[in-house]
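The values are calculated or read from the model by the stated rules, or taken from the named source; none is laboratory data. Since the model is a prediction, treat every value here as computed from it, not as a measurement. Glycine also receives a Cβ, built like all others from the backbone with ideal geometry; neighbour counts cover every protein chain displayed.
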Amino acid sequence: MTQAVQQDAAAGAAPVPAVGDSAPDFELANQFGEPVRLSDFRGGNVVIVFYPFAFSGICTGELCEIRDNLALFQDADAAVLAVSVDSKFAQRAYAEKEGYDFDLLADFWPHGAVASAYGVFDAESGMALRGTFIIDASGVVRYVVVNPRGQARDLAEYRTALAGLGGN
C-alpha cells in the first residue's frame, strides 16, 4: 500500500509505524468521557485519523467527508477513531455541531502522548499531524499516510485501502 510520510515529525517522537507493524495500543477518552482502548476493537478493522484541531477548516472538511461516507467504513467492518489534542469537552462540542457519529478521542493529557507513539505529534506546534492508520482485525497496520500541513486526505485512498483488507 502507499505510504507517504512527512519527515519533520517532532524529535523524541516514536517512528511512524510501518505497514506490517503491530499498532501501538492506547486508551483515550472519547467525546463523552468514556474510555476507548484500541485493543478492544480486535476482531474488526480500525481507521485511526489523527487531526490537528477541532473546529479548524481542513479538519472539519475531512471529518465531514468521513461522516457523509460512514457506510464505506461500516461495510469494511471498520470503526473510525478520530484523534486530536483537544479536550474531551471540545471534542463533544465539535461532534455535536458537526453531527459526528464516530468516536472523537482526546489526546489531551499527557499532551499528544498517543500522537507521539504513532510518530505524528509536532511538539513545536503542539498538535498532531494529519496521520491515518488502518489497522486490521489482528492489530496489524495495513495502511499509513501522513499528509503535509494544509493538505487534506483523499477519501478514495481510504476506499482502496479498506478494499485491500478483504471482506471481514
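Here are a few things to note about the model shown:
- Contact annotation: residue pairs with Cβ atoms under 6 Å, 6 or more positions apart or on different chains, pairing a residue in the range 134-152 that is outside any strand (DSSP E or B) with a partner that is of a type in the set (Gly, Ala, Ser) and buried (at least 17 other Cβ atoms within 10 Å of the Cβ), are Gly139/Ala23.
- Within the range 76-92, being assigned to a helix (DSSP H, G or I) and either small (Gly, Ala, Ser) or free of Cβ contacts under 8 Å to residues at least 12 places away in the same chain (or both) holds for Phe89, Ala90.
The rows are residues; the columns are (1) exposed (fewer than 15 other Cβ atoms within 10 Å of the Cβ); (2) β-branched (Val, Ile, Thr); (3) within 15 Å of the chain's Cα centre (by Cα).
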site	(1), (2), (3)
Ile134	no, yes, yes
Ala137	no, no, no
Asn147	no, no, yes
Leu155	yes, no, yes
Ala163	yes, no, no
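- Single residue of the range 109-124 satisfying the filter (over 11 Å from the mean Cα position of the chain (by Cα), assigned to a loop (DSSP other than H, G, I, E, B) and in contact (Cβ under 8 Å) with a residue 60 or more places away in the chain) that is nearest to Glu157 (Cα to Cα): Gly119
- The residues of the range 91-143 that are polar (S, T, N, Q) and modelled with pLDDT of 95 or more, listed by number, are Gln91, Ser116, Thr132, Ser138.
- The range 31-47: number of residues that are of a type in the set (Ser, Thr, Tyr) and free of Cβ contacts under 8 Å to residues at least 60 places away in the same chain: 0
- Qualifying residue in the range 10-26 (condition: buried (at least 16 other Cβ atoms within 10 Å of the Cβ), modelled with pLDDT under 95 and in a loop (DSSP other than H, G, I, E, B)): yes
- Listed by first and then second residue, the pairs linking a residue in the range 48-65 that is more than 16 Å from Phe133 (Cβ to Cβ) to a residue that is among the acidic types (Asp, Glu) and assigned to a loop (DSSP other than H, G, I, E, B), with Cβ atoms under 8 Å apart and 6 or more places separating them unless they lie on different chains, are Phe53/Asp86; Ala54/Asp86.
- The listed residue being touching a helix residue (DSSP H, G or I) at 6+ places or on another chain (Cβ under 7 Å), crowded, with 18+ Cβ neighbours inside 10 Å and of a type in the set (A, V, I, L, M, F, W, C), out of Ala29, Ala95: Ala29
- The set of residues in the range 32-54 being surrounded by 13 or more Cβ atoms within 10 Å (Cβ to Cβ) and hydrophobic (A, V, I, L, M, F, W, C) consists of Val36, Leu38, Phe41, Val46, Val47, Ile48, Val49, Phe50, Phe53, Ala54.
- Residues in the range 98-116 that are touching a helix residue (DSSP H, G or I) at 6+ places or on another chain (Cβ under 7 Å) and of a type in the set (D, E, K, R) were compared, and the one that is nearest to Gly33 (Cα to Cα) is Asp107.
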